[in-house]
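Trainee: What follows is a structure written as structure tokens; I'll ask about it next.
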Amino acid sequence: MNKSSAEPLLSVSGLSKHFPVARGVIFARRLGFVRAVDGISFSLARGETLALVGESGCGKSTTARLVLRLLPPTAGRIRFAGADITALSGEPLRALRRRMQIVFQDPFASLDPHMTVAEILEEPLTVHRIGDYASRQARVALLLGMVGLSRYHAQRYPHEFSGGQRQRIGIARALAPGPELIVCDEPVSALDVSIQAQVINLLGELKETLALSYLFIAHDLAVVKHVADRVAVMYLGRIVEIAPKDVLFSNPRHPYTRTLLAAIPRPDPHLEPTPPAQGELPSPLAPPPGCHFHPRCPFAIARCRTDDPPLATLAPDHLAACHRATELAPAALPGRKTGLAPNAARRLSLYAALSRPS
Amino acid sequence: MTALLSIEGLRTIFRQHTGDVVAVDGVDLSLDRGETLGVVGESGCGKSVLSLSIMRLVPPPGRIAAGRIRFEGTDLLGLPAPAMRAMRGNRIAMIFQEPMTSLNPVFTVGRQITEAMRAHDPSLGARTLRSRAIAALGRVRIPAPERRFEEYPHQLSGGMRQRVMIAMALACQPDLLIADEPTTALDVTVQAEILALLGELQREAGMAIILITHDLGVVAEVADRVAVMYAGRIVEEAPTAALFDDPQHPYTLGLLGSIPRLDQARARLLAIEGAVPPPFALPAGCRFHPRCVFATSACAAREPPLAALSPGHLVACIHAPVEQSLVPAARARTDE
């Protein structure tokens with residue numbers, strides 16, 4: 001756990017992606033830029049899970065694609081395992097892709113319907129010239145076992161599987177070339193609740209057994225609290241708060257983090273619903289001046305409308321971009337300690353005792 | 001007082017070349033005025049077909065094969081088509097999950113709201129329609145409703161579109177609103193706003209709501225009573241507090257164990273094994289038994305009835321409450 005001496009697996013500094021926005025086809029007129037990602041910096045240690053959370057349009061998926069070098073950045077640097085990979089191309093880039101893989105959100109759209117599961121899992125091995133035919137077949141069988149599928153599934157097509165099983169295939173494909181980093185882009189948000197839990201548990205087990213590191217993109221803070229070691233909250237292309245999970249959930253310092261936490265519907269009917277935040281995400285084409293969050297912020301003061309707050313260090317691991325980060329009162333979510341009702345807890349522990357350990 | 005809506009033995013089937021697929025199988029439900037009923041379940045449990053059945057909008061080859069749906073005592077299934085059409089929108093309205101596909105992209109928001117109003121009262125003039133529509137947009141807290149009236153759906157955000165859908169649904173002040181996953185496609189902060197808005201409008205107008213969702217958190221916040229559905233049947237029904245304080249059906253327990261919680265750290269989530277069976281290959285006996293950790297041979301023998309365990313708390317499990325009836329037997333089984 002000595003993070004200071006070990007070099008992080010991934011580190012990103014000042015990373016930006018600006019998309020030009022134009023109107024018209026022949027006499028195209030540039031309207032400006034959408035700053036999808038606007039100068040973000042973070043690092044990910046080996047064996048760590050860092051979650052990027054935020055609402056639609058906050059730039060979390062663009063960040064994932066920049067890190068994987070699927071999109072060229074406008075500015076900034078990306079380092080992976082000690083080497084600068086920002087400008088990598090050709091064969092070195094291909095070799096790098098073997099070490100970083102992605103699991104997509106939609107298990108229905110991310111598998112080729114014309115390929116059998118065996119072909120889907122073999123393709124990354126062929127692309128990276130890993131092994132011969134026999135060893136690749138053995139690896140396919142091994143991968144299926146790792147994600148909880150059976151050997152006979154290899155000859156089937158994606159449409160023969162349920163959503164949860166398809167996501168298992170997507171995970172197996174990401175694992176195929178033996179990566180060190182896996183970017184999980186909303187891997188469970190398209191799945192049903194009970195299936196979601198299976199996939200979350202699977203990702204946790206794989207991380208332990210294969211010593212993986214995850215960059216976990218999600219909008220569901222309850223899922224994030226379960227899987228992440230550290231959490232970065234994004235708003236309009238920027239990281240507004242980053243902290244170890246327990247710190248972020250017990251002592252959120254940025255008003256947007258508090259808004260997100262308060263908005264999650266909690267499965268406890270005895271809690272009073274918290275009044276919702278006002279306003280919507282402003283247009284990323286014309287973000288408000290000063291702090292981007294100030295029009296929706298219940299704590300905004302005059303300074304917030306003019307000065308853009310930098311991401312400041314509050315504690316060694318805890319950064320927040322808010323002028324009032326240190327003066328806000330502690331934000332305890334009501335009823336957070338209650339957990340399950342006694343009868344529910346008792347029956348759930350019986351349930352757990354009888355569940356087959358997988 | 002008679003219930004606003006009462007459903008008895010509803011059975012909705014889809015005719016396939018391989019045989020009939022029963023999507024909703026023997027559902028009984030009732031709902032009072034001003035009440036919010038949450039219907040919870042995963043994909044394929046029949047919750048959406050249930051709501052379409054109430055509206056008599058089940059798409060072919062589906063049809064309602066048996067049962068009664070009484071609305072203020074009138075059997076909706078016996079109504080002639082024009083009378084049912086008058087019922088929809090006026091008395092019973094519905095909103096859907098995806099507000100973009102429910103709105104027509106080539107007409108302005110204003111035209112789509114006034115179209116519904118004109119259909120229900122053809123005598124209204126253009127000026128009255130416009131002012132009523134703008135008032136309806138204002139009621140769902142849309143800023144600058146006069147400007148939004150002239151805009152097209154693509155110019156609105158997801159939250160705004162869902163507000164427009166709610167404004168259209170509530171334009172004729174229905175007594176019952178059926179909301180099918182109304183916030184699933186929205187961000188959490190927008191979801192919180194829409195749920196709060198629905199609550200306010202319900203208190204103002206005294207309408208009843210059937211809220212269909214997969215999210216136990218949403219149900220806990222807004223529902224008075226909850227029905228949990230699995231494979232076309234209700235497996236547990238209870239007042240919301242009772243369902244969360246004293247969950248009885250193993251499927252309800254599994255759902256509660258599957259969700260990550262903010263208020264409790266767990267090493268592992270308690271996932272439910274396997275997947276929902278397809279409606280053409282339902283297991284014999286209790287439909288949940290192949291996935292149930294408490295299942296015994298008796299569970300495969302016959303389908304358990306939905307029976308009252310205490311007043312208002314119905315469970316379809318022969319072993320409920322599990323800790324009393326089953327634990328010695330289950331222990332014996334695991335020791336083998």
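Trainee: Take the residues in segment A:276-295 that are buried (at least 19 other Cβ atoms within 10 Å of the Cβ) and more than 10 Å from chain B (Cβ to nearest Cβ); name whichever of them is modelled with the lowest pLDDT.
Mentor: It comes out as A:Pro284.
Trainee: Taking the conditions exactly as written (open to solvent by 10 Å² or more (accessible area, probe 1.4 Å) and within 13 Å of chain B (Cβ to nearest Cβ)), does A:Phe108 satisfy them or not?
Mentor: In short, yes.
Trainee: Filter segment B:25-83 for residues that are among the polar types (S, T, N, Q) and at pLDDT below 90 and give the result.
Mentor: Correct list: B:Ser43, B:Ser48.
Trainee: Kindly indicate whether any position in segment B:191-199 is under 20 Å from B:Leu5 (Cα atoms) and buried (at least 22 other Cβ atoms within 10 Å of the Cβ).
Mentor: Yes, there is a match, as at least one residue in segment B:191-199 is under 20 Å from B:Leu5 (Cα atoms) and buried (at least 22 other Cβ atoms within 10 Å of the Cβ).
Residue by residue, here is whether (1) away from every other protein chain (no Cβ under 12 Å); (2) open to solvent by less than 20 Å² (accessible area, probe 1.4 Å); (3) touching a strand residue (DSSP E or B) at 6+ places or on another chain (Cβ under 8 Å); (4) part of a helix (DSSP H, G or I) holds:
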residue: A:Thr126; (1), (2), (3), (4): yes, no, no, yes
residue: A:Gln137; (1), (2), (3), (4): yes, no, no, yes
residue: A:Gly178; (1), (2), (3), (4): yes, no, no, no
residue: A:Cys184; (1), (2), (3), (4): yes, yes, yes, no
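Trainee: On to the next question. Would you list the strands (runs of 3 or more DSSP E) that sit entirely within segment A:2-63 and hold 1 or more residues that are within 19 Å of A:Ile242 (Cβ to Cβ), among the basic types (Lys, Arg) and open to solvent by less than 20 Å² (accessible area, probe 1.4 Å)?
Mentor: none
For (1) touching a residue at least 60 places away in the same chain (Cβ under 8 Å); (2) of a type in the set (Gly, Ala, Ser); (3) at the interface with chain A (Cβ under 10 Å from one of its Cβ atoms), each residue gets a yes or a no:
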{"residue": "B:Asp224", "(1), (2), (3)": "yes, no, yes"}
{"residue": "B:Ala227", "(1), (2), (3)": "yes, yes, no"}
{"residue": "B:Ala241", "(1), (2), (3)": "no, yes, yes"}
{"residue": "B:Pro247", "(1), (2), (3)": "no, no, yes"}
{"residue": "B:Tyr251", "(1), (2), (3)": "no, no, yes"}
{"residue": "B:Ile259", "(1), (2), (3)": "no, no, yes"}
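Trainee: So which residues in segment B:33-54 are open to solvent by 10 Å² or more (accessible area, probe 1.4 Å), farther than 22 Å from A:Leu191 by Cβ and either polar (S, T, N, Q) or assigned to a loop (DSSP other than H, G, I, E, B) (or both), if there are any at all?
Mentor: B:Arg33, B:Gly34, B:Glu35
Trainee: Among what's in segment A:150-194 and is polar (S, T, N, Q) and under 25 Å from A:Cys58 (Cα atoms), pick the residue that is nearest to the chain's Cα centre (by Cα).
Mentor: Here the residue is A:Ser189.
Trainee: With segment B:110-170 as the region, which helices (runs of 4 or more DSSP H) entirely inside it contain at least 2 residues that are within 14 Å of chain A (Cβ to nearest Cβ), touching a Leu at 6+ places or on another chain (Cβ under 9 Å) and in contact (Cβ under 8 Å) with a residue 60 or more places away in the chain?
Mentor: B:158-170
Trainee: State whether the residues of segment A:337-353 include one that is more than 20 Å from B:Pro260 (Cα to Cα), in contact with a helix residue (DSSP H, G or I) (Cβ under 8 Å, 6 or more places away or on another chain), surrounded by 13 or more Cβ atoms within 10 Å (Cβ to Cβ) and at pLDDT below 85.
Mentor: Within segment A:337-353, not a single residue is more than 20 Å from B:Pro260 (Cα to Cα), in contact with a helix residue (DSSP H, G or I) (Cβ under 8 Å, 6 or more places away or on another chain), surrounded by 13 or more Cβ atoms within 10 Å (Cβ to Cβ) and at pLDDT below 85.
Trainee: Among the residues of segment B:179-221, count how many are aliphatic (A, V, I, L, M), assigned to a strand (DSSP E or B) and within 12 Å of chain A (Cβ to nearest Cβ).
Mentor: Residues in segment B:179-221 being aliphatic (A, V, I, L, M), assigned to a strand (DSSP E or B) and within 12 Å of chain A (Cβ to nearest Cβ): 1 in total.
The values are calculated or read from the model by the stated rules, or taken from the named source; none is laboratory data. Since this is a predicted model, take the numbers as computed values, not measurements. Virtual Cβ from ideal backbone geometry, glycine too; neighbours counted across all protein chains shown. These accessible areas exclude ligands, DNA and RNA; they are computed on the full protein's heavy atoms, side chains included. Shrake-Rupley method; radii C 1.70, N 1.55, O 1.52, S 1.80 Å.
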